[in-house]
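Participant: Supplied in structure tokens, the structure appears directly below.
The values are calculated or read from the model by the stated rules, or taken from the named source; none is laboratory data. Quick caveat: nothing in here was measured; it's all calculated off a predicted structure. When we count neighbours, we look across all protein chains shown, and the Cβ atoms used for this are built from the backbone with ideal geometry, even at glycine.
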Amino acid sequence: MSDKIDEIIRNHINVQRDSLLPLLQEIQNELGFLSEESINRIGELLKLPTSKIYGVATFYDQFRFEPKGRFHIRICHGTACHIEKSSRIILETERLLKIKQGQTTRDGMFSLEVVNCMGACGLSPVIAVNDKYYPGVQSRDLKEIIDNCIAKPREL
């Protein structure tokens, strides 16, 4: 992983502090998340304390500090989905997977992300597992969706 981080950093000629966001984005795009090692390497390069880098990265909800699970579950919490009780779906998913939003299960099988809008308001409440969308989801549907991921992983 450190070779890949170094390669990305080398591609940013004359890196300045205003390069922080593009650097973080590129590393996350390549690795799937921001590792502690990548934060430390960027801090060394830009001569910034890691606390400042974490401060910037945690301000933007696009950045992840854990790799995504094999099945990445996104739950829409936009206005239409919120009205249709997406909060209940979030809580039930957290309960079933025993993780909170932004986390990945210990076995690396599932990760959970709550997003502001998925652009599918007419399907609310909606969730996506990887690239498969589930419209009109109710809390009672979640166990079956999760069980199907485990039983039929190639279909997603």
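Participant: List pairs: first in region 46-66 and of a type in the set (S, T, N, Q), second surrounded by 11 or more Cβ atoms within 10 Å (Cβ to Cβ) and part of a helix (DSSP H, G or I), Cβ under 7 Å, 6+ apart or cross-chain?
Facilitator: That search, which allows pairs on different chains as well, returns Thr50/Ile39; Thr50/Asn40; Thr50/Gly43.
Participant: Are any residues in region 121-133 surrounded by 17 or more Cβ atoms within 10 Å (Cβ to Cβ) and either of a type in the set (Phe, Trp, Tyr) or more than 15 Å from Lys85 (Cα to Cα) (or both), and if so, which ones? Lay out the reasoning, then the answer.
Facilitator: Of region 121-133, the ones surrounded by 17 or more Cβ atoms within 10 Å (Cβ to Cβ) are 123-129.
Passing the criteria: Ala128, Val129.
Participant: Checking Gly55 against (1) closer than 18 Å to Gln28 by Cα; (2) at pLDDT 90 or above; (3) not assigned by TED's automatic domain parsing to the domain that holds Asp18, which test does it fail?
Facilitator: Only one criterion is unmet by Gly55, namely (3).
Participant: Among the residues in region 80-102, are any buried (at least 19 other Cβ atoms within 10 Å of the Cβ) and assigned to a strand (DSSP E or B)?
Facilitator: no
Participant: How do the pairs read when you match residues in region 137-148 that are more than 9 Å from Glu92 (Cα to Cα) with residues anywhere that are modelled with pLDDT of 95 or more and of a type in the set (Lys, Arg), using Cβ under 8 Å and keeping only pairs 6 or more apart or on different chains?
Facilitator: From residues that are more than 9 Å from Glu92 (Cα to Cα), there are no pairs.
Participant: Still on this structure, please answer the following. For Ser111, all conditions in the list (1) in a strand (DSSP E or B); (2) under 16 Å from His82 (Cα atoms); (3) among the small types (Gly, Ala, Ser) hold save one; what is the number of the exception?
Facilitator: So Ser111 meets the others, but not (2).
Participant: Taking the condition under 24 Å from Ala57 (Cβ atoms) and aliphatic (A, V, I, L, M), does Val115 pass?
Facilitator: Taking the combined requirement at face value, the residue satisfies it.
Results for (1) among the acidic types (Asp, Glu); (2) buried (at least 17 other Cβ atoms within 10 Å of the Cβ); (3) part of a helix (DSSP H, G or I), shown as yes or no for each residue.
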residue	(1), (2), (3)
Leu20	no, yes, yes
Leu23	no, yes, yes
Leu34	no, yes, no
Glu37	yes, no, yes
Arg41	no, yes, yes
Phe63	no, yes, no
Lys68	no, yes, no
Arg74	no, yes, no
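Participant: Evaluate the following for Glu113: is it surrounded by fewer than 20 Cβ atoms within 10 Å (Cβ to Cβ), in contact with a strand residue (DSSP E or B) (Cβ under 9 Å, 6 or more places away or on another chain), acidic (Asp, Glu) and in the same structural domain as Ile145 (by TED's automatic domain parsing)?
Facilitator: Numbers: surrounded by fewer than 20 Cβ atoms within 10 Å (Cβ to Cβ): yes; in contact with a strand residue (DSSP E or B) (Cβ under 9 Å, 6 or more places away or on another chain): yes; acidic (Asp, Glu): yes; in the same structural domain as Ile145 (by TED's automatic domain parsing): yes.
Against the criterion (surrounded by fewer than 20 Cβ atoms within 10 Å (Cβ to Cβ), in contact with a strand residue (DSSP E or B) (Cβ under 9 Å, 6 or more places away or on another chain), acidic (Asp, Glu) and in the same structural domain as Ile145 (by TED's automatic domain parsing)), Glu113 qualifies.
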